[in-house]
1. Mind listing just one residue for me: the one in the range 134-150 that is assigned to a loop (DSSP other than H, G, I, E, B) and touching a Phe, Trp or Tyr at 6+ places or on another chain (Cβ under 9 Å) and, of those, surrounded by the most Cβ atoms within 10 Å (Cβ to Cβ)?
2. Tell me yes or no: at least one residue of the range 1-20 is over 30 Å from A162 (Cβ atoms), among the basic types (K, R), touching a residue at least 24 places away in the same chain (Cβ under 8 Å) and surrounded by 15 or more Cβ atoms within 10 Å (Cβ to Cβ).
3. Please verify whether T80 is touching a Gly at 6+ places or on another chain (Cβ under 9 Å), among the polar types (S, T, N, Q) and either under 28 Å from L126 (Cα atoms) or free of Cβ contacts under 8 Å to residues at least 12 places away in the same chain (or both), treating the condition exactly as stated.
4. Which of the strands (runs of 3 or more DSSP E) found entirely inside the range 44-133 contain at least 3 residues meeting this: crowded, with 16+ Cβ neighbours inside 10 Å?
5. Among (1) touching a Cys at 6+ places or on another chain (Cβ under 6 Å); (2) closer than 25 Å to F145 by Cα, where does P45 come up short?
6. Could you please tell me which pairs satisfy a Cβ distance under 8 Å, a separation of 6+ or placement on different chains, a first residue in the range 108-119 that is more than 13 Å from L78 (Cβ to Cβ), and a second residue that is assigned to a helix (DSSP H, G or I)?
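The values are calculated or read from the model by the stated rules, or taken from the named source; none is laboratory data. Please read all numbers here as calculations on a predicted model, not as lab measurements. Cβ atoms come from the backbone with ideal geometry, glycine included; neighbour counts cover every protein chain shown.
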Amino acid sequence: MSIPVRPIVRPATLGDYQALCALFEELDEFHRQARPDFFRPFEGPARTWAQVGQWLAGPGTTVLVAEGQEGVVGLAVLLTRPRAAFAGAVPRKVVELDNLVVRAGQRGREVGKCLLAATMDWSRGLGATHVEVAVHAFNRDARRFYERFGFSASIERLVLAA
């Protein structure tokens, strides 16, 4: 019996573009299947070269990838949010975990855990006070994953079609 090798997490490069698009497409298809009233197929690539390049250019943004024996098996998109303009808000520096994707065949192998640990390290290195992630209500598995690491609900967004 072979022992699974933990993936190596590193900053993405534009050389990872095709692997990133494949992961984004997997994520997007999951969302389209769950909520076709909200999500539709893209015309063109799952994310443009320019968009990925902008994330990689930083300094308050990045894409991390988890690389295993099979190549890139996961990603995390990190964006620093601007400080709240509301004078009554406690000053915070927030990194938004915009997307965390693990290839379907790689789930349960600690890829997400490694990406989340690297997310926290990157965020602390930037001086962030908080990391936040939005999870769609239909994605209960993702919510449980984040809650296991100590994330807790802050705002629940309710939607009503007009």
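1. Checking each candidate, the answer is V135.
2. no
3. Yes, satisfied.
4. Result: 61-68, 71-80, 94-102.
5. (2)
6. What qualifies is G112/F145.
Here is a yes/no grid of residues against (1) within 24 Å of E26 (Cα to Cα); (2) touching a strand residue (DSSP E or B) at 6+ places or on another chain (Cβ under 9 Å); (3) at pLDDT below 95:
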{"position": "Q69", "(1), (2), (3)": "yes, no, yes"}
{"position": "V72", "(1), (2), (3)": "yes, yes, no"}
{"position": "R83", "(1), (2), (3)": "no, yes, yes"}
{"position": "E96", "(1), (2), (3)": "yes, yes, no"}
{"position": "V102", "(1), (2), (3)": "yes, yes, no"}
{"position": "I155", "(1), (2), (3)": "no, no, yes"}
{"position": "A162", "(1), (2), (3)": "no, no, yes"}
